[in-house]
1. Just one of the numbered conditions (1) within 22 Å of V28 (Cβ to Cβ); (2) buried (at least 21 other Cβ atoms within 10 Å of the Cβ) is not true of I109; which one?
2. Looking at segment 194-215, which of its residues are part of a helix (DSSP H, G or I) and loosely packed, with under 14 Cβ neighbours inside 10 Å?
3. Specify the residue that is most open to solvent (accessible area, probe 1.4 Å); the eligible residues are those in segment 234-262 that are in a helix (DSSP H, G or I) and closer than 30 Å to N175 by Cβ.
4. Restricting segment 1-38 to residues that are surrounded by 17 or more Cβ atoms within 10 Å (Cβ to Cβ) and touching a Ser or Thr at 6+ places or on another chain (Cβ under 6 Å), which is nearest to T170 (Cα to Cα)?
5. When you scan segment 157-167, do you find a residue that is part of a loop (DSSP other than H, G, I, E, B), touching a Ser or Thr at 6+ places or on another chain (Cβ under 6 Å) and either open to solvent by 10 Å² or more (accessible area, probe 1.4 Å) or modelled with pLDDT of 95 or more (or both), even just one?
6. I'd like the full set of residues that are among the small types (G, A, S) and touching an Asp or Glu at 6+ places or on another chain (Cβ under 9 Å), limited to segment 113-127.
7. From A269, A221, A226, A231, grab the single residue that is part of a helix (DSSP H, G or I), under 21 Å from A154 (Cα atoms) and hydrophobic (A, V, I, L, M, F, W, C).
8. Of the numbered conditions (1) under 22 Å from the mean Cα position of the chain (by Cα); (2) part of a loop (DSSP other than H, G, I, E, B); (3) of a type in the set (D, E, K, R), E191 fails exactly one; give the number of that condition.
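The values are calculated or read from the model by the stated rules, or taken from the named source; none is laboratory data. Quick caveat, the model's predicted, so the values are computed rather than measured. As a convention, Cβ positions derive from the backbone with ideal geometry for all residues, glycine included, and neighbour counts pool all protein chains shown. Note: areas computed on protein heavy atoms with side chains; ligands, DNA, RNA excluded. Shrake-Rupley method; radii C 1.70, N 1.55, O 1.52, S 1.80 Å.
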Amino acid sequence: MGKILVTGATGNVGSHVVSQLAEAGLDVRAFARRPERVPAGVEAVQGDLTTPGSLEPALKDVESVFLLWPGFSVGNAEEVVEAVARHARRVVYLSANVPGTDDTHYAAIERLIRRSSLNWTFLRPGGFAVNTLGWAEQIKQGVVRWPYGEASRALIHEKDIAAVAVHTLTSAGHNGAAYHLTGPAELTQIEQVRTIGEVVGREVRWEEQPIEEAREQLMAAWGEPAFVEQALTTWGSFVAAPERAVDTVQRLLGRPALTFRQWAEDHAADFR
């Protein structure tokens, strides 16, 4: 098997892709803004996808690429996809499952990849369990103030996304596949908070936040009005139409997906 390049190699998912490939004894190269954060013994190249010139050295002798696009807009993705296609044979792209929309940057990058010469696989996870780390400071105070407490999702552990990425990078039969990924069970946001509280041994109360207040808070954090509105609309939709669990992780990996409680146990220190 040829060399595998992992972009976003120090992030929530990419770091696990790197470690799982390295532990399997595979030839992996990490592409990161902060290569000093890459585990010892793993080849690392410094760079940033928003500066395509920095990607060229990282693509030397690469056969496959795990692609994680930074930010909320397409930007120079076309240039990046073209560079990857000049060097590599296949790409596994970490996209997203966004119901009922075809105008997201995820969909636009998928279209760029489809039009390229690359063999491709798209991973489309739903909600990331790791995003609940955004509640960490509130959980330490005993009250989480956030909108849509009854929104229900089947959040997925980042280790499972990485494991599926590694599986599709290293085994045959995935070209042209788009895999919807979730955790094994649906929980409302109120239940997620309660679960974290139980794991860390603290009673945590949910307080429903007005939507306008949440909008202002998210705008201050993200600065992208369209993405903020899309996020709020999507979260709100999970109140009446919960994100249902699918068995893709089980089918691909031959084991159950990790539960949200297991994720909370892995991250308990972040909430204490």
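1. (1)
2. Initial filter on segment 194-215 (part of a helix (DSSP H, G or I)): 194-200, 211-215.
Across segment 194-215, the qualifying residues are E198, I211, E212, E213.
3. R251
4. I4
5. Within segment 157-167, the first condition is being part of a loop (DSSP other than H, G, I, E, B), and the residues that meet it are 157.
With touching a Ser or Thr at 6+ places or on another chain (Cβ under 6 Å) added as a condition, the list becomes none.
Checked against the condition, which is being part of a loop (DSSP other than H, G, I, E, B), touching a Ser or Thr at 6+ places or on another chain (Cβ under 6 Å) and either open to solvent by 10 Å² or more (accessible area, probe 1.4 Å) or modelled with pLDDT of 95 or more (or both), segment 157-167 yields no hits at all.
6. First, the residues of segment 113-127 that are among the small types (G, A, S): 116-117, 126-127.
Residues satisfying the conditions are S116, G126, G127.
7. Values: A269 fails: under 21 Å from A154 (Cα atoms); A221 fails: under 21 Å from A154 (Cα atoms); A226 fails: under 21 Å from A154 (Cα atoms).
Checking each option against the conditions leaves just A231.
8. (2)
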